[in-house]
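> Encoded as structure tokens, here's the structure I'll be asking about.
Rule-based calculations on the coordinates, nothing more; no lab input. Bear in mind that the values here come from a model prediction, so they are computed numbers and not experimental data. Here the Cβ positions follow ideal geometry from the backbone for every residue, glycine too, while neighbour counts run over all protein chains shown.
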Amino acid sequence: MDENLLQSKSTEELFQLYRQSGDIHLKQEIVLRYSGMVKTIAIQLRGVYVSFTDMDDIINEGIITLMQAVDRFDPEKNVKFESYASLRIRGAVVDLARKQDWVPRNVRKLGKSIDQTFSELYFKLGRYPVDEEVAECLGISLEKYYKALSETNLFNILSLDALVDGLQEDGPNEKFLKDANAEIMPAKSLEKKELHSLLKDSVEGLRQNEQIVISLYYKEELNMKEIAQVMGISEPRVSQLHSAALKKLRVNLEGYYAG
């Protein structure tokens with residue numbers, strides 16, 4: 001099929017023609033149109049895979065998953081392709097990370113305990129608990145607490161990620177907030193603008209150094225080492241601030257859903 005003719009077709013028309021003919025050129029055009037989404041997801045989830053592979057490998061995996069999604073997508077189910085494909089691509093990245101099994105079970109268990117304790121103290125005190133309060137409540141040293149924060153970074157990213165899925169909104173933290181998924185939102189539905197406003201307020205409520213880390217990581221797309229150099233602090237400290245910020249944001253969202 002002529003390239004200009006392909007480009008003039010809507011995505012819906014391309015899918016209809018592809019279902020009828022199986023023409024590989026139609027499939028390639030669809031994949032090309034959504035290839036940018038793969039990179040966006042790879043950037044969003046880099047904290048999940050950065051310890052064992054690079055972004056190029058993740059993008060390649062995402063493109064393969066995108067191609068599979070084109071073949072498996074059913075337009076009659078009244079689900080947008082970008083939502084369906086995004087869900088599959090994100091799932092592929094997370095599955096790849098989980099197969100590495102780089103977070104030991106005992107560390108994962110402690111991470112869950114920290115999350116639970118942090119949430120309980122937040123609602124009990126009416127404010128974000130400081131690190132010392134969480135560590136004391138858990139009966140562990142501050143050093144062990146900070147180590148657990150760093151080691152459970154994947155857990156925190158995925159936990160928050162599950163809460164913000166479905167959001168598409170431009171703004172100062174769009175790399176952090178943007179996602180094409182609408183399929184795994186929590187049961188209590190939120191208007192996108194409402195959720196964006198809630199997250200924006202939550203980010204502004206973070207400590208200044210936590211806001212800086214979130215902005216540098218998700219907006220400026222710096223890695224932990226680069227952020228450490230910019231802020232003049234250690235890389236483990238950056239990881240601690242990142243984990244703490246995600247916990248606070250997640251608590252705010254959970255409180256909203258529970259309310």
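> With r as the distance between the Cβ atoms of D131 and K225 and R0 = 25 Å, compute the FRET efficiency 1/(1 + (r/R0)^6) and round to 0.05.
0.65
> Sort 118-128, 72-82, 29-39 for me by packing, meaning the mean count of neighbouring Cβ atoms within 10 Å per residue, highest on top.
The most tightly packed comes first, giving 29-39, 118-128, 72-82.
> Among residues other than I63 whose Cβ falls under 13 Å from its Cβ, what is the net charge (Lys/Arg +1, Asp/Glu -1)?
Around I63, the surrounding residues sum to +1.
> In nm, give the distance between the simple-model label positions of E143 and N78, each being 7 Å from the Cα along the Cα-to-Cβ direction.
With each label point 7 Å from Cα toward Cβ, the separation is 5.9 nm.
> Moving on to the next point. Want the number for N106 to E235: 0.36 nm per residue separation, take away the alpha-carbon distance, what's left?
Full-extension gain reported as 44.1 nm.
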